[in-house]
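Just below is one structure, and these are the notes that go with it.
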Amino acid sequence: MTATLIVKDTLPRKNFIAITQLGLKALNLAFTYAVALGPRLPQGMVEDLSLDIEILGEVVPSAIQARSESVAATSTQDTALAQGHTRVRQIRAAIRRTMAPEDVKRGYGVGRRARKESVAHVKAAIQQILDRAKNNPAEAASLGIVQKDLDNLALSLAAITDADTVQEKKRASAPLTTQERNRVGNRILAAVARIEAAGRLEFANDDTKRASFEALGAGPRMRRKAVAEEPAGDEEQAVMAG
């Protein structure tokens with residue numbers, strides 16, 4: 001008998017430690033009663049279950065690492081944005097104090113809002129100042145803007161661009177790693193359920209043996225609400241709990 005276990009990539013209903021333990025118990029029963037259960041199970045499922053238990057030990061730490069790297073990349077981006085935004089604000093404030101003509105002020109973006117949390121806004125504001133100063137070096141000098149100011153702005157622009165690129169890559173990879181972890185966990189649970197069902201059928205009239213298979217389906221499911229209430233910042237605990 002051949003069959004494919006249909007699984008989702010959504011969060012499993014049990015935590016990953018419990019999934020591993022269930023998988024090991026089911027695998028032991030499948031090996032112990034291999035001859036009796038063989039005709040009732042999809043071909044190759046027991047071997048796949050053994051492999052998935054090993055894989056789960058790898059993908060759970062990978063999911064933790066991916067989330068941590070995504071958080072770190074976001075923090076780096078936020079820092080670069082804050083520094084760039086501050087430089088823009090101070091240059092614009094300085095230009096206001098020089099009593100420059102209105103067209104000059106507009107040329108440097110004075111009066112325009114640059115949202116500090118927006119990569120596009122901050123980058124555009126920095127680029128506007130750099131372009132204006134490059135095209136009007138004497139004007140920039142008359143406003144007290146020196147090369148050091150422009151160099152620092154250029155560094156901020158590069159830092160924001162680099163941080164944004166890294167952050168986007170990390171943020172994109174984290175869900176994929178989490179989905180892989182979820183699929184492996186759900187595959188194990190699906191295999192455990194098949195082994196439980198096969199044991200219930202095979203040992204319907206043997207209370208002692210059947211009890212071992214019934215135990216695979218016993219125990220409370222993980223409450224999703226409880227997961228949502230986990231302490232913030234404990235990334236490893238959150239991932240292990242699913």
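Return the long-range amide H neighbours of Leu11 (sequence gap of 5 or more, or a different chain), with a cut-off of under 5 Å between placed amide H atoms.
Correct list: empty.
Enumerate the calculated ³J(HN,Hα) couplings along segment 184-197 in order (Karplus 6.51 cos²θ - 1.76 cosθ + 1.60, θ = phi - 60°), each rounded to whole Hz, writing x wherever the residue is Gly or Pro.
Values, residue by residue: 4, x, 5, 5, 4, 4, 5, 5, 4, 4, 5, 5, 4, 4 Hz.
As a test question: what accessible area, to the nearest 10 Å², does Thr32 have when a 1.4 Å probe is rolled over all protein chains in place?
It works out to around 90 Å².
Using the heavy atoms of the protein chains and a 1.4 angstrom probe, tell me the accessible area per residue for segment 77-173 in square angstrom.
Numbers: 5750 Å² over 97 residues.
Spelled out: the 1.4 Å probe surface of segment 77-173, per residue, equals 59 Å².
Please state the relative contact order of segment 77-173 as a whole percent: Cα pairs under 8 Å, 6+ residues apart? Provide the component values of the computation, followed by the final result.
Working: 78 pairs, mean separation 36.8, N = 97.
Once divided by the residue count of segment 77-173, the mean separation gives 38 percent.
The values are calculated or read from the model by the stated rules, or taken from the named source; none is laboratory data. Predicted model, so just to flag it, every value in this text is computed and none were measured. Calculation scope for accessible area: heavy atoms of the full protein, side chains included, ligands and nucleic acids excluded. Shrake-Rupley method; radii C 1.70, N 1.55, O 1.52, S 1.80 Å.
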